[in-house]
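Peer 1: The structure's right below; bear with me while I get my questions together.
The values are calculated or read from the model by the stated rules, or taken from the named source; none is laboratory data. Everything numeric in this text was worked out from a predicted model, so none of it was measured. A quick note on method: Cβ atoms are made from the backbone with ideal geometry, for glycine too, and the neighbour counts reach across all protein chains shown.
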Amino acid sequence: MKKNMKILMLAGDFVEDYEIMVPYQSLLSLGVKVDVVCPDKKAGDSIVTAIHDFVGFQTYQELRGHNFIINKTFSEINPDEYNGLFITGGRAPEYIRLNDKVLDITQYFFTQQKPVAAICHGIQVLTAAGVIKGRTVTCYEAVAPEVKLAGAIYKKVDATDTVLDGNLVTSPAWPGNAKILRDFYKMLDIIITN
């Protein structure tokens with residue numbers, strides 16, 4: 001693993017709880033510095049998470065989750081300082097993608113061919129940034145029409161799986177946390193041995 005590795009994580013209110021907590025804590029446990037940012041928020045501000053679960057309805061049920069403390073001020077972000085980008089899911093992507101700086105940051109990581117992970121609805125940031133045309137991706141199935149309209153190839157996979165395409169790894173939902181993190185680690189040259 002490269003020394004002083006840093007990951008930028010994009011989030012916002014009603015981010016899916018597991019899709020921020022699990023990757024954030026997992027990366028930290030490896031000694032990776034993770035800066036979590038949200039437009040119009042500064043270090044020390046909090047965002048609220050949402051817990052999504054399938055309980056027999058046609059779509060997921062959403063419950064209020066935990067508070068998550070942002071640890072980096074959004075306006076201070078310099079994407080050049082980061083080795084990779086992780087885009088969280090939940091409802092946050094539908095509105096953080098309206099921020100031009102979020103789109104600029106996302107485009108930067110693709111221009112520089114740095115590793116990018118996007119889970120669940122996180123793909124909405126990628127569609128808005130215009131970076132997935134011609135790429136093969138997965139996402140929460142209800143977002144698939146948007147992915148296709150953005151010119152990407154949507155691949156339906158099990159919720160525990162991922163799709164890799166160059167510097168990009170995507171997964172449909174939080175059950176894919178283990179696999180998306182394993183793939184993201186490989187992209188970042190993080191090697192875990194027994």
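Peer 1: If you go through the stretch 3-27 one residue at a time, how many are among the hydrophobic types (A, V, I, L, M, F, W, C) and more than 15 Å from Ile69 (Cα to Cα)?
Peer 2: 3
Peer 1: Can you find a residue that is modelled with pLDDT of 95 or more and part of a loop (DSSP other than H, G, I, E, B) anywhere in the stretch 48-58?
Peer 2: no
Peer 1: Looking only at the stretch 108-126, filter to residues that are crowded, with 24+ Cβ neighbours inside 10 Å and in a helix (DSSP H, G or I); which one of those is nearest to the chain's Cα centre (by Cα)?
Peer 2: Gly122
Peer 1: Among the residues of the stretch 146-156, is any farther than 17 Å from Thr88 by Cα, hydrophobic (A, V, I, L, M, F, W, C), in contact with a strand residue (DSSP E or B) (Cβ under 6 Å, 6 or more places away or on another chain) and surrounded by fewer than 20 Cβ atoms within 10 Å (Cβ to Cβ)?
Peer 2: yes
Peer 1: Now for a different question. I'd like to check something: does the stretch 59-79 contain any residue that is under 20 Å from Tyr24 (Cβ atoms), touching a residue at least 40 places away in the same chain (Cβ under 8 Å), of a type in the set (A, V, I, L, M) and surrounded by 23 or more Cβ atoms within 10 Å (Cβ to Cβ)?
Peer 2: So far as the stretch 59-79 goes, no, none of its residues is under 20 Å from Tyr24 (Cβ atoms), touching a residue at least 40 places away in the same chain (Cβ under 8 Å), of a type in the set (A, V, I, L, M) and surrounded by 23 or more Cβ atoms within 10 Å (Cβ to Cβ).
Peer 1: Right, next: Which of the residues that make up the stretch 127-146 are in a helix (DSSP H, G or I), farther than 13 Å from Ser171 by Cα and of a type in the set (Val, Ile, Thr)?
Peer 2: If the condition is that a residue be in a helix (DSSP H, G or I), farther than 13 Å from Ser171 by Cα and of a type in the set (Val, Ile, Thr), then Thr127 is the only one that fits.
Peer 1: What is the residue count in the stretch 11-37 for residues that are in contact with a helix residue (DSSP H, G or I) (Cβ under 6 Å, 6 or more places away or on another chain) and closer than 19 Å to Tyr108 by Cα?
Peer 2: Of the residues in the stretch 11-37, 3 are in contact with a helix residue (DSSP H, G or I) (Cβ under 6 Å, 6 or more places away or on another chain) and closer than 19 Å to Tyr108 by Cα.
Peer 1: Would you check if Val157 is in contact with a helix residue (DSSP H, G or I) (Cβ under 6 Å, 6 or more places away or on another chain) and either of a type in the set (S, T, N, Q) or at pLDDT 95 or above (or both)?
Peer 2: no
Peer 1: Just to check your reading of the model, which residue among Lys33, Lys2, Lys41 is surrounded by 18 or more Cβ atoms within 10 Å (Cβ to Cβ), out of contact with any Cys (no Cβ under 6 Å at 6 or more places or on another chain), basic (Lys, Arg) and more than 18 Å from Gly122 (Cα to Cα)?
Peer 2: After ruling out the rest, the residue left standing is Lys41.
Peer 1: Please go through (1) among the aliphatic types (A, V, I, L, M); (2) surrounded by fewer than 15 Cβ atoms within 10 Å (Cβ to Cβ); (3) closer than 27 Å to Ile77 by Cα for Met187 and return the number of the only condition it doesn't satisfy.
Peer 2: (2) is the only condition that Met187 fails.
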